[in-house]
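The values are calculated or read from the model by the stated rules, or taken from the named source; none is laboratory data. Computed from a prediction, not measured in an experiment: that's the story for all the values here. Here the Cβ is made from the backbone with ideal geometry for all residues, glycine too, and neighbour counts use every protein chain on show.
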Ligand SMILES: Nc1ncnc2c1ncn2[C@@H]1O[C@H](COP(=O)(O)OP(=O)(O)OP(=O)(O)O)[C@@H](O)[C@H]1O
Ligand SMILES: [Mg+2]
């Protein structure tokens, strides 16, 4: 220690001079940075999830039986099992509408726990393999072949529920045994808890008499429109020419969720702004006190030959050490908080996207820059004033 | 050519509507190796004059040059270098930094010196100097653990750390006993004679003043006899 006396070691000793004050500053910075890290993690995760959920459908329009608009959203956004049906002939009518590019359809078969199946309450979705562009793109691993009769693929949550995780496990559905041959990626919607089967199975299920639907019925038609077509026009064309259906736009599916999350984000931003203001004020107030306290010392140092930049240096090291310590604790706290919240917040729990390590590192870097930046900004004025004082004037102060 | 030339320097302070001339039209020429004592009543401007020469305050009018350089034309950084390299200050008031040990207080001026200071040399110099002022056993003590007179001696030692050309000493022996005071004065005279350091020393002790080359009397901001 004895041979390493430098201006930096002076700065560190200054920090230890008033431990309580140092602790308060670090705590304020920690609070602010953790608020920032948490808010950024939340907002980025939610935004990525919303984008993905919207892209997930792969369809621009969802066409459901008139009056079932709400039920469709229930299925897609939450996992509320409902059933609604329309005639399969509508699929062709939709396909013929000007501007429609691709059409596929699904039939929702509701299961009830214990009643028919060995699977916990979930949706069984029968889809048309030939036209499908909604389900199979989400397969974790490409199947490379068509689903056979008696085979199923499952949503990520179902896979978890059936304690499957991998493929090749059997489950009872509607009195038949299904072999699970694939798992979908997490989509963050009700479909995560669904089981998907080829619609070639429907006839067998009907024969078993476990379901109330009639042959040739579908629940939802997915339509993708041609590039450059006016979405609204196609939508109203469909609604006008086929009175049996309602049309839901993809981007409207998540509307309620998006606005809720938007409100939550606002609260986070507000918290962030308040804690930033608090930190700035605290740093400013405490460094003003520090500057007053050390006026004489600075005067003596200046008289002994310290340049203005030497004075700034001593304070800068103090400020940076404070800022970095506060930021690092804040980053850890904010990250921990966001990880805990992700497990307990039901909204977050269902989000399909988790932040990558790289994103988290980026958020951490932003937190570090912000924390030290705010600390430096708050200390700037008190310290600037100090370095300009005339040494004699300062030395004579008691 | 004189080492320091003070030319018609006035330092005025504005106190309310009143202007106080702490130093008033002072001229003074100091040769290299001089030993000058400044005496005068309290408030006569002694500290102010030393501060002007040492570049820790600016004159209101007049000029001060050191080795042909007008120090009032120096930039802030150049002035810092001037104080650091040429001047050794002994302040009238306590001037040790409380957070630093005796040794660190001595090393403080070397931290502001140009270029990378070699760690070994200043450290051994600090030990030499602290021995010369009789405080070798206190080198790791903090100022608060020293008596007033001991603190004073540490400040005296510190003034020599950067091998200054000029020592500006403001009542350096004010709170020392007679024996120690005499020791310090002997030390000053030794440094003056052997190292050729110029001394400008404020003192109230006429015996000390007598041992210097020249005595300057100040009264109400002016040098008597000017
Ligand atoms: N910052 C200031 N503002 C106003 N007046 C000042 C200021 N500094 C010094 N003075 C005045 O200038 C005069 C000279 O002060 P100075 O400190 O030089 O006296 P001194 O001779 O050193 O006195 P002492 O022997 O008591 O130390 C005094 O009358 C003092 O009141
Ligand atoms: Mg004085």
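Which residues, counting only those in segment B:190-210, are farther than 14 Å from residue B:38 by Cβ and surrounded by fewer than 15 Cβ atoms within 10 Å (Cβ to Cβ)? Please lay out each step first, then the result.
Initially, segment B:190-210 is screened for residues farther than 14 Å from residue B:38 by Cβ, giving B:190-197, B:207.
Of everything in segment B:190-210, those that are farther than 14 Å from residue B:38 by Cβ and surrounded by fewer than 15 Cβ atoms within 10 Å (Cβ to Cβ) turn out to be B:190, B:193, B:194, B:195, B:196, B:207.
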Checked segment B:78-95 for anything away from ligand 2 (no atom under 16 Å from the Cβ), buried (at least 21 other Cβ atoms within 10 Å of the Cβ) and facing chain A (nearest Cβ under 8 Å); matches are B:80, B:83, B:84
Cβ pairs under 6 Å, 6+ apart or interchain, first in segment A:290-312 and in contact (Cβ under 8 Å) with a residue 40 or more places away in the chain, second surrounded by 19 or more Cβ atoms within 10 Å (Cβ to Cβ) and in a loop (DSSP other than H, G, I, E, B), ordered by first then second residue, are A:300/B:95; A:303/B:56; A:310/B:112
Checked against (1) surrounded by fewer than 17 Cβ atoms within 10 Å (Cβ to Cβ); (2) within 13 Å of chain A (Cβ to nearest Cβ); (3) more than 12 Å from the chain's Cα centre (by Cα), residue B:102 satisfies every condition except (1)
Selection from segment B:8-41 of residues away from chain A (no Cβ under 14 Å), within 16 Å of ligand 2 (Cβ to nearest atom) and either loosely packed, with under 12 Cβ neighbours inside 10 Å or over 16 Å from residue B:223 (Cβ atoms) (or both) yields B:20
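Table: residues versus (1) touching a helix residue (DSSP H, G or I) at 6+ places or on another chain (Cβ under 7 Å); (2) within 13 Å of ligand 1 (Cβ to nearest atom); (3) in contact (Cβ under 8 Å) with a residue 12 or more places away in the chain.
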{"position": "B:185", "(1), (2), (3)": "yes, no, yes"}
{"position": "B:188", "(1), (2), (3)": "no, no, yes"}
{"position": "B:192", "(1), (2), (3)": "no, no, yes"}
{"position": "B:204", "(1), (2), (3)": "no, yes, yes"}
**Request:** Test residue B:107 against the criterion of being over 12 Å from the mean Cα position of the chain (by Cα), at the interface with another protein chain (Cβ under 8 Å from one of its Cβ atoms) and not in a helix (DSSP H, G or I), and give yes or no.
**Result:** no
Across (1) part of a loop (DSSP other than H, G, I, E, B); (2) loosely packed, with under 14 Cβ neighbours inside 10 Å; (3) within 16 Å of ligand 1 (Cβ to nearest atom), residue B:1 clears everything bar (3)
- Query: Residues in segment A:305-328: is at least one in a loop (DSSP other than H, G, I, E, B), touching a strand residue (DSSP E or B) at 6+ places or on another chain (Cβ under 8 Å) and at pLDDT 90 or above?
  - Reply: no
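Could you tell me whether residue B:209 is out of contact with any helix residue (DSSP H, G or I) (no Cβ under 6 Å at 6 or more places or on another chain) and within 20 Å of residue B:135 (Cβ to Cβ)?
Values: out of contact with any helix residue (DSSP H, G or I) (no Cβ under 6 Å at 6 or more places or on another chain): yes; within 20 Å of residue B:135 (Cβ to Cβ): no.
It is false that residue B:209 is out of contact with any helix residue (DSSP H, G or I) (no Cβ under 6 Å at 6 or more places or on another chain) and within 20 Å of residue B:135 (Cβ to Cβ).
Select from segment B:31-51 the residues that are under 25 Å from residue A:304 (Cβ atoms), more than 6 Å from ligand 1 (Cβ to nearest atom) and out of contact with any helix residue (DSSP H, G or I) (no Cβ under 8 Å at 6 or more places or on another chain) and list them in ascending order.
Filtering segment B:31-51 down to residues under 25 Å from residue A:304 (Cβ atoms) leaves B:32-38, B:45-51.
Now restrict to residues that are more than 6 Å from ligand 1 (Cβ to nearest atom): B:32-38, B:49-51.
B:32, B:34, B:36, B:49, B:50 - these are the residues of segment B:31-51 that are under 25 Å from residue A:304 (Cβ atoms), more than 6 Å from ligand 1 (Cβ to nearest atom) and out of contact with any helix residue (DSSP H, G or I) (no Cβ under 8 Å at 6 or more places or on another chain).
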Exercise. Is segment B:90-111 home to any residue that is touching a strand residue (DSSP E or B) at 6+ places or on another chain (Cβ under 8 Å), closer than 17 Å to residue B:199 by Cα and without any contact (Cβ under 8 Å) to a residue 60 or more places away in the chain?
Worked result: no
### Message
Given the condition more than 14 Å from every other protein chain (Cβ to nearest Cβ), at pLDDT below 85 and in contact with a helix residue (DSSP H, G or I) (Cβ under 7 Å, 6 or more places away or on another chain), answer yes or no: does some residue in segment A:16-26 qualify?
### Response
no
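Picking from B:5, B:53, which residue would you name as being away from ligand 2 (no atom under 16 Å from the Cβ) and closer than 17 Å to residue B:214 by Cβ?
Just one listed residue meets the conditions, B:5.
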If you go through A:120, A:137, the only one that is at pLDDT below 85 and part of a helix (DSSP H, G or I) is A:137
Check your understanding: Is there a residue being within 12 Å of another protein chain (Cβ to nearest Cβ) and in contact (Cβ under 8 Å) with a residue 24 or more places away in the chain anywhere in segment B:60-77?
Key -> no
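With segment B:124-226 as the region, which strands (runs of 3 or more DSSP E) entirely inside it contain at least 1 residues that are within 14 Å of chain A (Cβ to nearest Cβ), away from ligand 2 (no atom under 16 Å from the Cβ) and in contact with a strand residue (DSSP E or B) (Cβ under 9 Å, 6 or more places away or on another chain)? Step through it out loud before you land on a result.
Working: elements: B:166-170, B:198-202, B:214-219.
Of the strands (runs of 3 or more DSSP E) lying wholly inside segment B:124-226, those with at least 1 residues that are within 14 Å of chain A (Cβ to nearest Cβ), away from ligand 2 (no atom under 16 Å from the Cβ) and in contact with a strand residue (DSSP E or B) (Cβ under 9 Å, 6 or more places away or on another chain) span B:166-170.
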